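These notes concern the structure reproduced below.
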Amino acid sequence: MSTPTFDQDDRLRWVERISRLLDSQFRVPGTSWRFGLDPLMGLIPVVGGLPSLAISGILILTMLRHGASGSLVVRMVFNVILDTLIGAIPVVGNIFDFAYKANDRNVRLLRAHYAEGKYQGSGKGLVLVLLLVLLALAGLFVWLAWTLGAALWHWAEARSW
């Protein structure tokens, strides 16, 4: 049984549709400039990038389950992390979000991967490593927040007498 091509696989077409919604669904009238929901969500202070990050993660996991190799997934994750980190910077990040379309880039990478016939990646080990790294980062964040909170508490107590 042959493996379906990118365009024959409904799940990968779903990834492409969601990616387009996030990055290039809308066009500025009179121009060829396109944008999606990702930069619009980024305009919401503090939490605007989180939904986009979560959806991008789901898209990458879907691509991983359907043929993306480990090295390809690393490039995709890099695209999303770069988009998220720079997108978090006020003003500059908003401009960057309108120009850098990480999800569209990732779909193009997967299409090229499929075109080369390299769509047999498993990636289970990579997913496990990424989850462990994310858990470690979350633990580090909690520890840093706790330490900072304790230091501020002690500083406030020392200044109150």
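We did not get these values from a lab; they are worked out from the coordinates using the rules stated. Everything numeric here is computed off the predicted structure, so don't read it as measured data. All Cβ positions, even for glycine, are placed from backbone atoms using ideal geometry, and neighbour counts span all protein chains on display.
Which helices pass in the chain if a helix is a full DSSP H run, must span at least 27 angstrom along its long axis by Cα, and must have mean Kyte-Doolittle hydropathy not below -1.0? Show your work: numbers first, answer last.
Values: long enough: 124-160 (54 Å, 1.52).
Length and hydropathy pass: 124-160.
Based only on other Cβ atoms within 10 Å, what is the fewest-to-most ordering of Leu130, Leu50, Leu135, Leu110?
Ordered by Cβ neighbours within 10 Å, fewest first: Leu135, Leu50, Leu130, Leu110.
Compare Pro39, Pro29, Pro51 in a GNM of the chain, Cα atoms joined below 10 Å, and give the one with the largest fluctuation.
Highest fluctuation of the listed residues: Pro29.
Which of Gly67, Gly36, Leu152 sits closest to the plus end of the dipole of the chain, meaning its Cα is farthest towards the positive end, when Lys and Arg get +1 and Asp and Glu get -1 on the C-beta?
The Cα lying farthest towards the positive end belongs to Gly67.
Select from Ile95, Gly48, Ala115 the residue farthest towards the positive end of the dipole of the chain; place +1 on Cβ of Lys and Arg, -1 on Cβ of Asp and Glu, and compute about the Cα centre.
So the residue furthest toward the plus end is Ala115.
Rounded, prolate or oblate: which one fits the chain, using the alpha carbon gyration tensor with axes a ≥ b ≥ c (rounded when a/c is under 1.5, else prolate when a/b beats b/c, else oblate)?
oblate
Is the shape of the range 37-100 best called rounded, prolate or oblate, per the rule: a/c under 1.5 gives rounded, else a/b larger than b/c gives prolate, else oblate, with a ≥ b ≥ c the square roots of the Cα gyration tensor eigenvalues?
It comes out prolate by the Cα gyration axes.
Between Leu128 and Arg111, what is the label-point separation in nm under the 7 Å Cα-to-beta-carbon projection?
Label at Arg111, label at Leu128, 3.4 nm between them.
Where the only charges are on Cβ atoms (+1 Lys, Arg; -1 Asp, Glu), what is the dipole of the chain about its Cα centre, to the nearest 20 debye?
260 debye
Set the Förster radius R0 to 22 Å, insert the Cβ-Cβ distance between Phe78 and Phe141 as r into 1/(1 + (r/R0)^6), and round the FRET efficiency to 0.05.
The computed FRET efficiency comes out at 0.60.
Pairs of Cα atoms under 8 Å, at least six residues apart: use those to get the relative contact order of the chain, whole percent. Kindly include the intermediate steps, with their values, before the conclusion.
Working: 150 pairs, mean separation 37.7, N = 161.
Relative CO of the chain lands at 23 percent.
Under a GNM of the chain (C-alpha, springs under 10 Å), which listed residue has the highest mean-square fluctuation: Gly48, Gly57, Gly30?
Residue with maximal mean-square fluctuation among Gly48, Gly57, Gly30: Gly30.
Place a label point 7 angstrom from the Cα of Leu61 along the Cα-to-Cβ direction, then list the residues of the range 133-158 whose backbone nitrogen is under 16 Å away.
Counting only backbone N, you get 133-136.
Helix-only mean residue ellipticity at 222 nm, the chain, DSSP H runs n ≥ 4 weighted -39,500 (n - 2.57), per residue, nearest 500. What is it?
-23500 deg cm²/dmol
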